[in-house]
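Trainee: One structure, as structure tokens, below. Some questions next.
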Amino acid sequence: MLIDSHAHLNEERFDEDREYLINNLTKNGVELVLVPGYDLESSKTSAAMAKKYSTIYAAVGTHPHDAKDMNEDTLDIYKVLAFEDKVIAIGEIGLDYHYDNSPRDVQKKWFREQIRLAKSLDMPYIVHDREAHEDIINIMKDELYSGARGILHCYSGSVEMAREFIKMGFMISLGGPVTFKNAKTAKRVALEIPLENLLIETDAPYMAPEPNRGKRNEPSYVRYVAEEIAKIRNIEYDEVVKRTNANFKKLFALV
């Protein structure tokens, strides 16, 4: 049974079959799914889903794309949502310099503020980093505190940078791109980062792994990520599943 550490089942592309998909997670080999928020409404949806379904956990936060719409009232609502049953992290937060849907100074402001929220609540936080590696690591180091922990999700940086995040208390999560033939950096991360520091994810509905690249991604496809990591490391598939499951449960104190 697999754990998908990051899937946006709160996204509109699942509106037509969300309930069917969630009700069949166990049948399809998935034990748990963490559903992060990306803005206020999706965070409320995630929290409600976690309450409704035994297989769903939630995170609440604002993605850098939507940072332009965030304010202090949003933070106050996240503080309340964080105490809902099975809300276990702040996220997805971070920086995205690929699309720049929000001004970079605004992205950085709300990334810092949401890290501080996670600190105040003693919760892990989930980081989105796209083409913003230097600013991400500098802000995380500036805001580092005792007990800081969380996930660099759908990790796209170098092995060397991954080691820096691990020193800060963070897990490295690999998704569909590690299965792509030309994903040399991701494959190197999968090989060289200790297994006790790795998680697996889909980032559904985005970034579907081979052999489903280009299709809508979904949690059951996380097995392809586990299979690829096992192949890269030359270890048993079951070992990857066992260890990444244990890592997830340890990080979120579910054991």
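Trainee: Inside the range 44-65, can you point out the residues that are closer than 18 Å to residue 32 by Cα, touching a helix residue (DSSP H, G or I) at 6+ places or on another chain (Cβ under 8 Å) and part of a helix (DSSP H, G or I)?
Mentor: If the condition is that a residue be closer than 18 Å to residue 32 by Cα, touching a helix residue (DSSP H, G or I) at 6+ places or on another chain (Cβ under 8 Å) and part of a helix (DSSP H, G or I), then 47, 49 are the ones that fit.
Trainee: What do you reckon, is residue 179 more than 26 Å from residue 140 (Cβ to Cβ), in contact with a Phe, Trp or Tyr (Cβ under 7 Å, 6 or more places away or on another chain) and β-branched (Val, Ile, Thr)? Working first, answer last.
Mentor: Numbers: more than 26 Å from residue 140 (Cβ to Cβ): yes; in contact with a Phe, Trp or Tyr (Cβ under 7 Å, 6 or more places away or on another chain): yes; β-branched (Val, Ile, Thr): yes.
Judged against the criteria, residue 179 is a match.
Trainee: Taking the condition touching a helix residue (DSSP H, G or I) at 6+ places or on another chain (Cβ under 9 Å) and surrounded by 15 or more Cβ atoms within 10 Å (Cβ to Cβ), does residue 77 pass?
Mentor: no
Trainee: Counting residues that are small (Gly, Ala, Ser), which strands (runs of 3 or more DSSP E) fully inside the range 69-155 reach at least 3?
Mentor: Ranges flagged: 87-96.
Trainee: Continuing with the same structure: Within the range 19-77, restricting attention to residues that are among the small types (Gly, Ala, Ser), in contact with a strand residue (DSSP E or B) (Cβ under 6 Å, 6 or more places away or on another chain) and without any contact (Cβ under 8 Å) to a residue 60 or more places away in the chain, which residue is nearest to residue 94 (Cα to Cα)? Steps first, answer last, please.
Mentor: If we filter the range 19-77 for residues that are among the small types (Gly, Ala, Ser), which is where we start, we get 29, 37, 42-43, 46-48, 50, 54, 58-59, 61, 67.
Pick out the ones that are also in contact with a strand residue (DSSP E or B) (Cβ under 6 Å, 6 or more places away or on another chain) and you get 29, 37, 43, 46-47, 50, 58-59, 61.
Pick out the ones that are also without any contact (Cβ under 8 Å) to a residue 60 or more places away in the chain and you get 37, 43, 46-47, 50, 58.
On the way: 37: 12, 43: 15, 46: 18, 47: 20, 50: 23, 58: 17 Å.
Going through the qualifying residues, I end up with 37.
Trainee: Which one of the conditions (1) farther than 23 Å from residue 96 by Cβ; (2) surrounded by 15 or more Cβ atoms within 10 Å (Cβ to Cβ); (3) small (Gly, Ala, Ser) does residue 54 fail to meet, given that it meets all the rest?
Mentor: (2)
Trainee: Return the residues of the range 174-223 that are of a type in the set (S, T, N, Q) and over 16 Å from residue 155 (Cα atoms); say none if nothing qualifies.
Mentor: 212, 217, 220
Trainee: In addition: What residue, of 68, 86, is in contact with a helix residue (DSSP H, G or I) (Cβ under 7 Å, 6 or more places away or on another chain) and closer than 21 Å to residue 122 by Cα?
Mentor: Unique residue meeting the criteria: 86.
Trainee: Moving to a separate point now. For the range 6-43, enumerate the residues that are assigned to a loop (DSSP other than H, G, I, E, B) and under 19 Å from residue 252 (Cα atoms).
Mentor: 6, 8, 37
Coordinate-derived values only; no laboratory data. These numbers come from a predicted model, not from an experiment. Note: ideal-geometry Cβ built from the backbone for every residue, glycine included; neighbour counts use all protein chains shown.
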